[in-house]
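What follows is calculated from the coordinates using simple rules that are stated; it is not laboratory data. This structure is a prediction, so every number in the text was calculated from the model and none was measured. Here the Cβ positions follow ideal geometry from the backbone for every residue, glycine too, while neighbour counts run over all protein chains shown.
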Amino acid sequence: MRVGIIGAGSIGLLFAAYISRVFEVTVYTRTTEQASELNKYGIVLKKKGEQTISFVNALPISEWMGAEDLTIIAVKQYQLNPIIETINQLPIIPNNLLFLQNGMGHLKQLAVISNTNIFVGSVEHGALKENSFTLAHNGEGITNVAVFRGDPTLLNEFVSSAPIEFPVLLKKDYMRMLQNKLIVNAVINPLTAILQVNNGELIKNQYYLQVLKNLFSEISTVLTLENAEEHLQQIIDICKNTSENRSSMLKDIEANRMTEVDAILGFILGEAQRKEMKSPNIETFYYLIKGKEWIKGVIS
């Protein structure tokens, strides 16, 4: 199977490093400089004190024509619009697209793509890009995928052929799959970004833990969650198991990048407004993150 990966950030490179062991992979980068460095050095993957190098074909995104059997779009939600425009302008629409974004704000964007097979996924790995071709895999997890629209045949093949050390699981209900990840991201990401702490501090500090519970309770009410206690326990377990990890939102703030707060808390705020529900905790953390972005100069 030929697989294209759009986006050479931490998740894009992580996927390329692993799935290139079984598939023919081409990585499409934002800059020609990064493509050149990937072609020269390969992807250097650091994990548990060991280092491996995976060689892939790398090209700038301007050269993507959608010719691969499967294209994985591994960019931030706010970077999707120009990619979707490109997809709809290609002479032949790609047959199979897998979108890996946090939150659920991107689902409306996917609806405008012309008729093709569209899949969505949620990634539970932790990875940190050290330079344009080196990354650390510092949190092992799984990737969940599901059909958003179309024929699942190729997705089934991708799941069954994925490397055993990089498991990919097929889920029946994409909404439930994405919502489960959304809940985790909506609690851990903004709290760690505002408090500027690793994940584990949210449960080690009894006062931070109370804020976590308050925020989760409001999210649970807005989303009318069943088994709320199980969701809360999952969040606490993730904080425990990834205690030394820094959330993606915290890393974005530290690197002066836009965050995905609109796709995460923004989506939940939209649900609260649609249901005419008050959500002061969600709204407060949403605006605190937007304030951080404004201070960093990434939004006006």
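Quick look at the numbers
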quantity	calculated
Neighbour net charge for Gln34 - beta-carbon separation under 12 angstrom, K R +1, D E -1	+1
Karplus-derived 3J(HN,Hα), 6.51/-1.76/1.60, for each residue of segment 136-149, Hz, glycine and proline x	10, 8, 9, x, 7, x, 9, 10, 9, 9, 7, 7, 8, 6
Per-selection Kirkwood Rh - segment 177-293 (Cα, Å, 1 d.p.)	14.1 Å
Per-residue ³J(HN,Hα) for segment 158-168, Karplus 6.51 cos²θ - 1.76 cosθ + 1.60, θ = phi - 60°, Hz, x for Gly and Pro	4, 4, 6, 9, 4, x, 4, 7, 9, x, 10
0 to 90° range, to nearest 10: angle between helix 228-241 axis and the chain longest Cα axis	60 degrees
Highest-first arrangement of 131-140, 207-216, 221-230, where packing means the average Cβ count within 10 Å	131-140, 207-216, 221-230
Per-residue [θ]222 nm for the chain (sum of -39500 (n - 2.57) over DSSP H runs n ≥ 4, rounded to 500)	-14000 deg cm²/dmol
Using alpha-carbon coordinates, inclination of helix 10-19 to the longest axis of the chain, degrees	50 degrees
Separation in nanometres of the label points that stand 7 Å from Cα toward Cβ, at Asn115 and Met277	3.8 nm
Label point distance in nm, Tyr41-Glu140, each placed 7 Å from Cα along Cα→Cβ	2.6 nm
Extension gain, Gln196 back to Gln234 (0.36 nm per residue minus Cα-Cα distance, nm)	11.5 nm
Length gained when the stretch Ile93-Thr224 is fully extended (0.36 nm per residue, less Cα-Cα span)	43.4 nm
All Cα pairs of segment 63-195, percent lying beyond 24 Å	33 percent
Label-point gap, in nm, between Gln206 and Thr52 - each point 7 angstrom along Cα→Cβ	4.5 nm
Relative packing of 14-24, 32-42, 259-269, which averages over residues the other C-beta atoms within 10 Å, highest first	259-269, 14-24, 32-42
Lys pairs under 20 Å by Cα in segment 177-293, provided they are eight or more residues apart or on distinct chains	11
Burial order of peptide ranges 191-202, 232-243, 162-173 (average beta-carbon count within 10 Å, highest first)	191-202, 232-243, 162-173
0 to 90° range, to nearest 10: angle between helix 174-195 axis and the chain longest Cα axis	60 degrees
Per-pair calculated FRET efficiency, R0 = 22 Å: Met65 and Val22 via Cβ, rounded to 0.05	0.45
Longest to shortest principal axis, alpha-carbon extents of the chain, angstrom	49, 44, 40
Most mobile of Arg176, Arg274, Arg149 in a GNM of the chain (Cα contacts under 10 Å)	Arg274
